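In what follows, a single structure is set out as structure tokens and then discussed.
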Amino acid sequence: MSDAGALRAGLCDLDIEPGERALEELLAYLELVRRWGRAYNLVSPGDLEQFIPRHLLDCAAVAPFVPGGTLLDAGSGAGLPGVPLAILHPELRCTLLDSVGKKVRFLRHVQRTLGLDNVTPVHHRLEQWAPEPPPDTIISRAFKSLLDFGTAVRHLVAPETRLLAMKGRYPEAEITALPEWLKVLEVKKIDVPQLQAERHLVIMAGSVG
């Protein structure tokens, strides 16, 4: 099956009907990652071969749970999940933050090439980044544990801020280890088409740090 066919079929299984422009942008993003992935150390060779299910569809699967407004992709790396979410939610204003300069250069190239006006790549350390106002939603696949994620972004948390952590297996031990200031509101089981692996989205809120 072609890349376009696999992507379209996967999105259909997720009940997502992207316009032709969004589909073209996702495929163009895939080609940019393939072209520059090794030079920028974006993803492993194995991940490149399975990029559609492991990354594009994995990120698209959480799109229904991302509200509008402003989104911070903390530790964006290759632009995951921020770029796919920004493409699928053109009304979403998405900041892609990473501390590694060459990855942010790649993200800027993606933003310019695809003309994603709702995307802003930022080269900064997360712990020292303090925009006003803070983002409405913070999402990440980059942190080893829920506590690491919550601690790293606590200074950005407002009363209404939602933290979305993309995880594999149900993180029972991580949830049990959370302090009182970091509350789990809901855990969604995510079914990703074409991917035989467990996925969960942990939705949290934290007290102001």
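The values are calculated or read from the model by the stated rules, or taken from the named source; none is laboratory data. What you see is a predicted model; the values in this text were computed from it and never measured. Glycine also receives a Cβ, built like all others from the backbone with ideal geometry; neighbour counts cover every protein chain displayed.
Among the residues of the range 67-87, are any out of contact with any Ser or Thr (no Cβ under 9 Å at 6 or more places or on another chain), of a type in the set (Val, Ile, Thr) and over 15 Å from Asn118 (Cβ atoms)? Among the residues of the range 67-87, not one is out of contact with any Ser or Thr (no Cβ under 9 Å at 6 or more places or on another chain), of a type in the set (Val, Ile, Thr) and over 15 Å from Asn118 (Cβ atoms), which makes the answer no. Checking Leu114, Leu178, Leu182, Leu146 one by one, the residue that is over 21 Å from Arg93 (Cα atoms) and in contact with an Asp or Glu (Cβ under 7 Å, 6 or more places away or on another chain) is Leu146 and no other.
The set of residues in the range 67-76 that are outside any loop (DSSP other than H, G, I, E, B) and touching a Pro at 6+ places or on another chain (Cβ under 8 Å) comprises Thr70, Leu71, Leu72, Asp73. Checking every residue in the range 136-148 against the condition of being surrounded by fewer than 17 Cβ atoms within 10 Å (Cβ to Cβ), on the phi > 0 side of the Ramachandran plot and out of contact with any Pro (no Cβ under 9 Å at 6 or more places or on another chain) gives zero matches. Checked against the criterion of being surrounded by fewer than 23 Cβ atoms within 10 Å (Cβ to Cβ) and touching a Pro at 6+ places or on another chain (Cβ under 8 Å), the range 126-133 has no qualifying residue.
Inside the range 150-188, can you point out the residues that are out of contact with any strand residue (DSSP E or B) (no Cβ under 6 Å at 6 or more places or on another chain) and surrounded by fewer than 14 Cβ atoms within 10 Å (Cβ to Cβ)? Within the range 150-188, Ala158, Pro159, Glu160, Gly168, Arg169, Glu172, Ala173, Thr176, Ala177, Pro179, Glu180 meet the criteria. Pairing residues of the range 184-201 that are of a type in the set (A, V, I, L, M, F, W, C) with residues that are in a loop (DSSP other than H, G, I, E, B) and surrounded by 13 or more Cβ atoms within 10 Å (Cβ to Cβ), at Cβ distances under 6 Å and at least 6 apart in sequence or on separate chains, gives Ile190/Ala61; Ile190/Arg199; Val192/Ala61; Val192/Arg199; Leu201/Val62; Leu201/Ile190. May I ask you to verify whether Pro64 is touching a Leu at 6+ places or on another chain (Cβ under 6 Å), under 20 Å from Val192 (Cα atoms) and in a helix (DSSP H, G or I)? No, not satisfied. Screening the candidates Glu180, Glu186 for the property of being of a type in the set (D, E, K, R), out of contact with any His (no Cβ under 8 Å at 6 or more places or on another chain) and modelled with pLDDT under 95 yields one hit, Glu180.
Rundown of residues vs (1) touching a strand residue (DSSP E or B) at 6+ places or on another chain (Cβ under 8 Å); (2) of a type in the set (Gly, Ala, Ser); (3) in contact (Cβ under 8 Å) with a residue 40 or more places away in the chain; (4) assigned to a strand (DSSP E or B), yes/no style:
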residue	(1), (2), (3), (4)
Ala78	no, yes, yes, no
Leu85	yes, no, yes, no
Thr95	yes, no, yes, yes
Lys103	no, no, yes, no
His109	no, no, yes, no
Arg112	no, no, no, no
Pro121	yes, no, yes, yes
Glu127	no, no, no, no
Ala130	no, yes, no, no
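With respect to Val122, is the statement that it is surrounded by 21 or more Cβ atoms within 10 Å (Cβ to Cβ), in contact with a Leu (Cβ under 9 Å, 6 or more places away or on another chain) and of a type outside the set (Gly, Ala, Ser) true? So Val122 fails the test.
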